Amino acid sequence: MRTILRGRGVSPGVACAPLARLAAPLVTSAEDPVGADPAAERVRVREAFAAVAADLEARAGRVQGETAEILTTTAAMALDPSLLAAAEDLMGAGTPTGHAVTLAIEGFCEQLDVLGGYLAERVTDLRDVGHRTVAHLAGVPMPGVPAPGYPVVLAARDLAPADTASLGADVVALVTEEGGPTSHTAILARSLGLPAVVGCPDIASVAEGTTVLVDGTTGVVEPDPPDERRAVPAAMVPAADTPGATADGHRVALLSNIGTLVDAEQAAATASEGVGLFRTEFLFLDRRTRPDVAEQTRTYAAVLRAFGDRRVVVRTLDAGSDKPLPFLPLGHEENPALGMRGLRTAAVHPGVLDDQLTALAAAAEETGRAVDVMAPMVATAQEAERFAARARGHGLTRVGVMIEVPAAALRARELLEVVDFVSIGTNDLGQYTMAADRTAGALGDLLDPWQPALLDLVAMVGEAGRTTDKPVGVCGEAAADPLLAAVLVGLGVTSLSTAPASRPAAHAQLSALTAQECRVAADRARSARSADAARATVAECVHDAGEARVAGAEPTGAVGPARSARADRQGRASAEAAS
Ligand code: PEP
Ligand code: MG
């Protein structure tokens, strides 16, 4: 019998490969059995440290730059004789072998912590050496992202941004037990073009090595699919290289979300009309030291060059919460999503923001290209005004802010009076509107971007954009849903920014509807009483508009009458059935 598992498809595409898991570190204990032969145990420990060092060295050889340096330094830690000596001493006192390794490592971690600064930042690496050595001793897979040398579907409870950022070429799809449509796993998967399904708890019971078929569009995961389903179909939507517009020529710029220079080069090679969101924090997720102005200038200049005359919107670092940056310590917070993140971190580390603005201005100057800059997590017009003054003080001329906090949406007109544009981050705006953690898979329904409450806030921002005659973009994942893209345009959004892979579908959907039809769809969605009802009513009216067009009806405004005719038919049918 065929088993079908269901989750939430968050990154389109289909892949089929054996399942591999993100292994959790083994927990050791003083109660573990003690090896019978102490001399043999000492040899095992020495060999385990050596094997871990050799593996890390081999990984260092496959990557470049700072990542390679970190891996080489970590390999050297595994060979530190004092570490081995400490483990041996503990074993001599009767501690089980694996636990002796854990305790020896923790002892060194404490010392590094006390020394502070750069050395304290090595604690995570040293713990990783411990986890790897313990895994080697127990003969279980190494913790972290597997790199078996052949294609695999990676399954995990959830992925940290750093895990997702370290995905190798072996991983062809992702399935997580938790995580919502706007989690960073979803965003990174889309930017890497990897099919991904999140919120699929049943993946936990599929054995490693089982061949699984993952459909990132429908959210279906099928273990042991029949042979004829193992061949993976190609993408279905052809790429369109004309600028985004509705059927009656109302322009909607279709831009790209990027996080790295590689993303930029790939997006620039498509028909993308520019960058609507450059998540600069993705450049530095694994950095221990603050990137200097010269390095940042080089990267930003390369992105501006790649896009030539096309618009590029760079977001200043959105650090904190689920995107901690090692070089930007923010202290412990009980509720980091409601704490120091985004623009708020500039209060603690003002130099980091100034360096970034300096680098952006220098990159614009060096390349002769225009750059738009925007700040994340802005709540008030005062914050927007201060940011705009600061950016303009660095010579940047087009300054915007993200609308991610309901307060900012409610007062969008005041914000737009002090900046040049806004961009709605529907991922966070959804999270804060619904009071639902965007990383929590179980809350996926509340985080559905079709939630009418979220659409009401987008409508307020669209209205503010019309009143002030300033652009309103959407760069959250809502823009990647083609049907919802039409609704957003109907709500007054002037540009949509998505992973490049989502552009063709949005382009096709917009070019099938007039601006008036988008407005009618938006009204329908906002009148619905739930996310599902909003999606269903818009799907229905868009379908009806298509039918009406095929039948030769006038396109403009066709959604309303066509839908009403169907509603009338249905109303009559149920009245007849009832009588
Ligand atoms: C958003 O919140 O919608 C957004 C685009 O920002 P991020 O997903 O990076 O938080
Ligand atoms: Mg955000």
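The values are calculated or read from the model by the stated rules, or taken from the named source; none is laboratory data. Not measured: the values here are computed from a predicted model. Methodologically, a virtual Cβ is constructed for each residue, glycine included, from the backbone with ideal geometry; neighbour enumeration extends over all protein chains shown. We work out accessible area using only protein heavy atoms, side chains counted, and drop any ligands, DNA or RNA first. Shrake-Rupley method; radii C 1.70, N 1.55, O 1.52, S 1.80 Å.
Only a single item in (1) out of contact with any strand residue (DSSP E or B) (no Cβ under 7 Å at 6 or more places or on another chain); (2) at pLDDT below 95 is not met by residue 330, and it is number (1). The residue that is surrounded by the fewest Cβ atoms within 10 Å (Cβ to Cβ), counting only those in segment 300-340 that are in contact with a Leu (Cβ under 6 Å, 6 or more places away or on another chain) and part of a helix (DSSP H, G or I), is 302. Scanning segment 14-30 for residues being open to solvent by 30 Å² or more (accessible area, probe 1.4 Å) and in contact (Cβ under 8 Å) with a residue 12 or more places away in the chain gives a total of 10.
Scanning segment 35-52 for residues that are in a loop (DSSP other than H, G, I, E, B) and either basic (Lys, Arg) or surrounded by fewer than 15 Cβ atoms within 10 Å (Cβ to Cβ) (or both) yields a count of 2. With respect to residue 429, determine if the residue is at pLDDT 95 or above, surrounded by 24 or more Cβ atoms within 10 Å (Cβ to Cβ) and away from ligand 2 (no atom under 16 Å from the Cβ). Here the answer is no, as residue 429 does not meet what is asked. May I ask you to verify whether residue 448 is open to solvent by less than 30 Å² (accessible area, probe 1.4 Å) and away from ligand 2 (no atom under 15 Å from the Cβ)? Criteria met by residue 448. Checked against the criterion of being over 23 Å from residue 261 (Cβ atoms), out of contact with any Ser or Thr (no Cβ under 8 Å at 6 or more places or on another chain) and open to solvent by 10 Å² or more (accessible area, probe 1.4 Å), the candidates 411, 398, 390 yield just one match: 390. Screening segment 252-302 for residues that are β-branched (Val, Ile, Thr) and under 16 Å from residue 191 (Cα atoms) and picking the one that is nearest to ligand 2 (Cβ to nearest atom) gives 280.
Checked across segment 182-204, the condition of being more than 15 Å from residue 447 (Cβ to Cβ) and without any contact (Cβ under 8 Å) to a residue 12 or more places away in the chain holds for no residue. Right, residue 438: at negative phi and within 24 Å of the chain's Cα centre (by Cα) or not? Yes, satisfied. Would you please name the residue that is nearest to ligand 2 (Cβ to nearest atom), looking only at residues in segment 378-414 that are over 26 Å from the mean Cα position of the chain (by Cα) and assigned to a loop (DSSP other than H, G, I, E, B)? Per the stated criteria, the residue is 411.
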